[in-house]
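Student: First, the structure itself, so that you have it in front of you.
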Amino acid sequence: MSFVTVRDLFQSYGGRPILERINLEVEEGEFVSIVGASGCGKSTFLRLLLAEEQPSRGDIRIAGAEPAREPGRERGVVFQRYSVFPHMTVRENIVAGDSFTRPLGRFFGAARRAALRRADETLARIGLAHVADAYPATLSGGMQQRLAIGQALTARPRILLLDEPFGALDPGTRLSMHDFLTELRAQTGMTVFMVTHDLEEGFKLGDRVIVFDKPRWDPTDPEAYGATITYDFDARNGGIPFQTIKEETHVLRPA
Amino acid sequence: MRLINRRPGRVLTAFLAALPFVLVMLAYMVGSDIRLAENPSDKLMPAPAQIAATAERLLTEPDRRSGRILFWYDTAVSLKRLAIGVGLAASTGLIFGLLIGLLPHIRATFSGFVAVISMVPPLALLPILFIVFGLGELSKVVLIVIGITPFLIRDLSQRTLEIPREQIVKAETLGASTFTIALRVALPQVLPRLIQSVRLSLGPAWLFLIAAEAIASDLGLGYRIFLVRRYLAMDVILTYVIWITLLAFMIDWALKVLARRAFPWTGASL
């Protein structure tokens, strides 16, 4: 039994199919990049993973649990925009990752001081300690996304969903965000799903790259059929799999 | 250079801003002069000097019968009615706005109802209010509440709905309950909007207050204006009108400052 199991997933809006017959098994700790043309259902698939919507048919299970009916703490998410709370300072945004489960959404007294200390540690790790008291609107796009990722990770989700997280960033910032994400992943060993428009980014960061496309196409009625997973690449080792020699004996190893 | 790209300098800006006020005052003074030259006992356009004298008398001399300075007494009574009415309307608007914006069931129940209710002309209800609540304080406060609450509810529920879906989902993934989302995500972002909506609805609130006071009251700014109308006391009326304008302007300004101080994160967007 794999960690995330997607079985016979269909999704249609008002009789118009978006996704058809999607089956996917993902192991714990895998990084799955999701690519495809615009309007081919990548984001719909992510919303289904997030349990923001319910599929028309089929189900998604995490670690064998019952399919979720609404988003919860086991799923973390970072959107392209609007992922942090504009009315909270950077530090409060991180604290919110813990405190929102409390009855009033706040910590008090000693618990509050401990949470603030933890938040400062997190901020130091993600390199935002110097802007802890600023409001997100004053931060650059890259810093906002770093904050959003840090906030999502504070809740310790089982899977992290990224919806074009670096889509609105300039190329330089995007590269440094790649390093940041790679580092964080090495530390936490999280299972990540990332929707992206950028193929290079998908292959660079992902262990797997899955491609959404419409296998059937009716030229007179382009919306007649939905999309499904058409390719499932192994993106490890720079996209060239089977390069690691597993034989122990009678093998000539490169020096 | 195109007109849209030409900007006045600082001195010119100040001059242009003052210009309409000066022009209106000049026009009044000239008109008043002409009328008074023709008929020294003309009451319609008293000379500015006479208005100033009347204002001084109103602001300082106590009423001979009650011993109170009616001007300040009227102001206090009217402001109290306005504050209670606007306060009630704002709290109702905030609570219902949040509920309608956040909860689909409440939205399905009330959004159509509020849309229809907000079309009822409040002044047409005034007789009913007088019959039901009597001629006392209550009916005046209720008129203000009825007059501006539907607008506040509609505006605030709209603002709540405009909170990006992403933020709500994000809060859900952090484990927030509906109550926590309302308290920690929606409420703080709607509060600055509440102040803006209250600023916008202060105009109608004054209108309803003065209308109610004009029809049935024995104190208040609106009552005084409509009382002295019978004696064609334009100097008193003008003093009161200028005072009401000043009050409304100061309340508006105070709310603007409050919004900027209390919600620093809104930045320049307000």
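Read the figures in this text as sums done on the coordinates, not as results from a lab. All figures in this text were calculated on a predicted structure; none of them were measured in a lab. Positions of Cβ are generated from backbone atoms using ideal geometry, with glycine treated the same way; all protein chains shown enter the neighbour counts.
Student: Looking at this model, which pairs from B:K43/B:K140; B:K170/B:K256; A:K204/A:K246; B:K80/B:K256; A:K42/A:K204 are more than 29 angstrom apart at the alpha-carbon?
Tutor: Working: B:K43/B:K140 31 Å; B:K170/B:K256 31 Å; A:K204/A:K246 24 Å; B:K80/B:K256 20 Å; A:K42/A:K204 19 Å.
Pairs exceeding the cut-off: B:K43/B:K140; B:K170/B:K256.
Student: Compute the distance from the alpha-carbon center of the stretch B:235-251 to that of the stretch A:55-74, in whole Å.
Tutor: Each part's Cα centre sits 63 Å from the other's.
Student: Something else about it: Could you go through the stretch B:47-62 in sequence order and give the Karplus-derived ³J(HN,Hα) for each residue, using 6.51 cos²θ - 1.76 cosθ + 1.60 with θ = phi - 60°, rounded to whole Hz, and x for Gly and Pro?
Tutor: For the stretch B:47-62, the Karplus-derived couplings read 5, x, 4, 5, 4, 4, 4, 4, 4, 4, 4, 5, 6, 10, 8, x Hz, x marking Gly and Pro.
Student: Right, here's the next one. Tell me the Kirkwood hydrodynamic radius of the stretch B:33-119 in angstroms, computed as one over the mean inverse distance between distinct C-alpha pairs.
Tutor: Numbers: mean 1/r = 0.0558 Å⁻¹.
One decimal place: 17.9 Å for the Kirkwood radius.
Student: If you take every DSSP beta bridge fully contained in the protein assembly as shown, what fraction is antiparallel? Give it as a percent rounded to 5. Numbers along the way, then the final one.
Tutor: Details: 18 of 37 bridges.
Looking only at bridges with both residues in the protein assembly as shown, the antiparallel portion is about 50 percent.
Student: Another question, then. With viscosity set to 1.567 mPa s and temperature to 4 °C, compute the Stokes-Einstein D of chain A, Rh being the Kirkwood radius across alpha carbon pairs; µm²/s, no decimals.
Tutor: Working: Rh = 19.8 Å.
Value of D from the Cα-based Kirkwood radius: 65 µm²/s.
Student: Considering the Cα trace of the stretch A:1-123, what is its radius of gyration and what is Dmax, both in angstroms?
Tutor: 17.9, 54
Student: Which of B:G175, B:L152, B:A115 sits farthest toward the positive end of the charge dipole of chain B, with +1 on the Cβ of Lys and Arg and -1 on the Cβ of Asp and Glu?
Tutor: B:G175
Student: Another question, if that's okay. Give me B:L99, A:L252 ranked fewest to most by other Cβ atoms within 10 Å of their Cβ, as a rough exposure proxy.
Tutor: Values: B:L99 19, A:L252 7.
Lowest to highest Cβ neighbour count: A:L252, B:L99.
Student: Now, a different point. Dipole magnitude of the stretch B:116-232 about its Cα centre, charges +1 at Lys/Arg Cβ and -1 at Asp/Glu Cβ only, in debye to the nearest 20? All intermediate terms of the calculation are to be shown ahead of the outcome.
Tutor: Values: 11 positive and 7 negative charges, 44 e Å.
Dipole about the Cα centre, nearest 20: 220 debye.
Student: If each DSSP helix of 4+ residues adds -39,500 (n - 2.57) and the sum is divided by the residues in chain B, what number results at 222 nm, nearest 500 deg cm²/dmol? Walk me through the intermediate numbers first.
Tutor: Numbers: 10 runs with 202 residues, N = 270.
Only helices count here, giving -26000 deg cm²/dmol.
Student: Shifting gears a bit: Considering only B:I84, A:F45, A:Y225, whose Cα is most displaced toward the positive end of the charge dipole of the protein assembly as shown, charges sitting on Cβ of Lys, Arg (+1) and Asp, Glu (-1)?
Tutor: B:I84
Student: In percent, what relative contact order does chain A have, based on Cα pairs under 8 Å that are 6 or more apart in sequence? If you can, show how the numbers build up before the last one.
Tutor: Working: 455 pairs, mean separation 68.0, N = 255.
So the answer I get is 27 percent.
Student: Per residue, what volume in Å³ does the convex hull of the Cα atoms of the stretch B:137-270 enclose? Display every interim value, and only then the final one.
Tutor: Working: hull volume 16.0 nm³, N = 134.
Spread over its residues, the Cα hull of the stretch B:137-270 gives 120 Å³ apiece.
Student: In addition: Give me log10 I(q)/I(0) at q = 0.15 Å⁻¹ for the stretch A:153-229, Debye formula, one equal scatterer per alpha-carbon, no solvent.
Tutor: At q = 0.15 Å⁻¹ the computed log10 ratios are -0.64.
Student: Okay, next question. Using a cut-off of 14 Å between beta-carbons, work out the net charge of the residues near B:A171 (Lys and Arg +1, Asp and Glu -1, B:A171 not included).
Tutor: Details: positive: A:R73, A:R75, A:R102, A:R106, B:R165, B:K170, B:R184; negative: A:E52, A:E70, A:E92, A:D98, B:E166, B:E172.
Local charge sum for B:A171: +1.
Student: Follow-up question, since we're still on this one. Quick check: the distance between the Cα centres of the stretch A:200-241 and the stretch B:34-69, to the nearest angstrom?
Tutor: Comparing the Cα centres of the stretch A:200-241 and the stretch B:34-69, I get a distance of 84 Å.
Student: Need the full-extension length gain, B:W72 to B:A14, defined as separation in residues times 0.36 nm minus the C-alpha distance. One decimal, nm. Show your work: numbers first, answer last.
Tutor: On the way: separation 58, 0.36 × 58 = 20.88 nm, distance 3.25 nm.
Gain on extension, B:W72 to B:A14, equals 17.6 nm.
Student: Rounded to the nearest 5, what is the percent of antiparallel bridges among the DSSP beta bridges in chain A? Could you put the intermediate results ahead of the total?
Tutor: Numbers: 18 of 37 bridges.
Here the antiparallel bridges make up roughly 50 percent for chain A.
Student: What translational diffusion coefficient, to the nearest whole µm²/s, does the protein assembly as shown have by Stokes-Einstein, given a Kirkwood radius computed over alpha-carbon pairs, a temperature of 25 °C and 0.890 mPa s viscosity? All intermediate terms of the calculation are to be shown ahead of the outcome.
Tutor: On the way: Rh = 28.5 Å.
Roughly 86 µm²/s, to the nearest whole number.
Student: So what are the ³J(HN,Hα) numbers for the stretch B:132-145, from phi and the Karplus equation (6.51, -1.76, 1.60; θ = phi - 60°), rounded to whole Hz, Gly and Pro as x?
Tutor: Running phi through 6.51 cos²θ - 1.76 cosθ + 1.60 with θ = phi - 60° gives 6, 9, x, 9, x, 4, 4, 5, 5, 4, 5, 4, 4, 4 Hz.
Student: If you don't mind, another one. Which ³J(HN,Hα) values, rounded to whole Hz and listed in residue order, are derived for the stretch A:56-71 from phi using the Karplus coefficients 6.51, -1.76 and 1.60 in 6.51 cos²θ - 1.76 cosθ + 1.60 with θ = phi - 60°, glycine and proline given as x?
Tutor: After applying 6.51 cos²θ - 1.76 cosθ + 1.60, I find 5, 9, x, 8, 10, 10, 10, 6, x, 6, 4, x, 6, 9, 8, x Hz.
Student: Taking the number of other C-beta atoms within 10 Å as the exposure measure, put B:I69, B:I131 in order starting with the fewest. Intermediate results must be reported in sequence, preceding the final value.
Tutor: Values: B:I69 15, B:I131 10.
The order, fewest Cβ neighbours first, is B:I131, B:I69.
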